[in-house]
1. Quick one: is C33 open to solvent by less than 20 Å² (accessible area, probe 1.4 Å), more than 16 Å from the ligand (Cβ to nearest atom), modelled with pLDDT of 95 or more and out of contact with any Asp or Glu (no Cβ under 9 Å at 6 or more places or on another chain)?
2. Take the residues in region 184-198 that are within 16 Å of the ligand (Cβ to nearest atom) and in contact with a helix residue (DSSP H, G or I) (Cβ under 9 Å, 6 or more places away or on another chain), then tell me which one is most open to solvent (accessible area, probe 1.4 Å).
3. Within region 204-221, restricting attention to residues that are over 18 Å from L115 (Cβ atoms) and open to solvent by 60 Å² or more (accessible area, probe 1.4 Å), which residue is nearest to the chain's Cα centre (by Cα)?
4. What is the one condition in (1) in contact with a Ser or Thr (Cβ under 9 Å, 6 or more places away or on another chain); (2) away from the ligand (no atom under 14 Å from the Cβ); (3) among the small types (G, A, S) that S181 does not satisfy?
5. Return the residues of region 184-208 that are closer than 11 Å to C235 by Cβ and either touching a Ser or Thr at 6+ places or on another chain (Cβ under 9 Å) or in a helix (DSSP H, G or I) (or both); say none if nothing qualifies.
6. In this structure, does P225 turn out to be over 18 Å from H19 (Cα atoms), within 11 Å of the ligand (Cβ to nearest atom) and at pLDDT 95 or above?
7. Need the failing condition index for A55 against (1) open to solvent by 50 Å² or more (accessible area, probe 1.4 Å); (2) farther than 25 Å from N259 by Cα; (3) among the hydrophobic types (A, V, I, L, M, F, W, C), just the number.
8. Residues being open to solvent by 30 Å² or more (accessible area, probe 1.4 Å) and either under 16 Å from the mean Cα position of the chain (by Cα) or touching a residue at least 24 places away in the same chain (Cβ under 8 Å) (or both): count how many of those fall in region 67-111.
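The values are calculated or read from the model by the stated rules, or taken from the named source; none is laboratory data. Fair warning: this is a prediction, and the values are worked out from it, not measured in the lab. Methodologically, a virtual Cβ is constructed for each residue, glycine included, from the backbone with ideal geometry; neighbour enumeration extends over all protein chains shown. These accessible areas exclude ligands, DNA and RNA; they are computed on the full protein's heavy atoms, side chains included. Shrake-Rupley method; radii C 1.70, N 1.55, O 1.52, S 1.80 Å.
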Amino acid sequence: MNITGTTRITGLFGYPVEHTLSPVMQNAAFLHCGLDYCYLPFSVRPESLRNAVEAIRALSLSGVNLTVPHKEAAIPFMDRMDEEASAIGAVNTITNHNNVLTGHNTDGKGFVMSLTEQGIVLEGNEALIIGAGGASRAIGYYLSRTAKRLYLYNRNREKAEDLAAHLSRDSGNVKVITTLSSLEAFDIIINATPLGLKEHDPLPVDPVFLQPRQVICDLIYHKTPLLIKAGSRGCRTIDGLSMLLWQGAYAFELWTGINPPVEVMRTALLNLVK
Ligand code: NAP
């Protein structure tokens, strides 16, 4: 990558950002397309978010991604919000066009595409999301519109109730469940909690309840113990790497206006995690 005076800069605001896989994925895409762009990680403390967003304008950045803990906090600093980001209530991608900052959210769309590319359809299916945080919100926005019914489970039940009420504003098919002791009814089960990130985490669900016909998804990037157990019970499994890929591909398109080289981005990610 050759950085010159004309190079357009994109990046990631997060805290922490040290673990991010996005720079390798996005820079591989820019290089492949011959674009004079680069993608950099920026460690932005929560108290510095307002200044960091203002710096997008001041430094003429083309746009950034946002990760934990900035996705909701950045909303008041946007000039515009697109329809999805506004409905989801979180921003993971900012574009800067002529100093107008627009908040977008590509997480939910990225998740749906990670299923679609595997031939998994949401229509007519009963889906369960475990967790009611930011990721659950983003994917719930899509699932509540496409699945036959969406169920939410969260250890903090009130948060699940709030999210169900929010998602039900446009579709009445979101329900909260209070126990995970029976999972037979679900066609797709999604872990949207961090359980599985740490070595000694408990499993989010008891695998004895899993059925071979079910699709089990984990938003965590690697093959978690949940996915390994589900696979050994004959379930189809999808890890979070493909959601990361597709949310990044949609962000690339927003910044550059060109079709993302998805397979180049996928290879870059797979090389990082193998
Ligand atoms: P978040 O906003 O902090 O929400 C976390 C959710 O998990 C909350 O519902 C929380 O429950 C629940 N939770 C946390 N610790 C738990 C525990 N020990 N036991 C049971 N439930 C627990 O986080 P997020 O942004 O939604 O992220 C969730 C996961 O998705 C993370 O692993 C993140 O890395 C992953 N993610 C992946 C992608 C991707 O591109 N693949 C994108 C975004 C996020 P309470 O409400 O009770 O606290």
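1. no
2. Restricting to residues being within 16 Å of the ligand (Cβ to nearest atom) and in contact with a helix residue (DSSP H, G or I) (Cβ under 9 Å, 6 or more places away or on another chain), the top hit is L195.
3. This residue is D206.
4. The single condition S181 does not satisfy is (1).
5. The answer is P207, and nothing else.
6. For P225, the condition - over 18 Å from H19 (Cα atoms), within 11 Å of the ligand (Cβ to nearest atom) and at pLDDT 95 or above - is not met.
7. (1)
8. Total meeting the criteria: 12.
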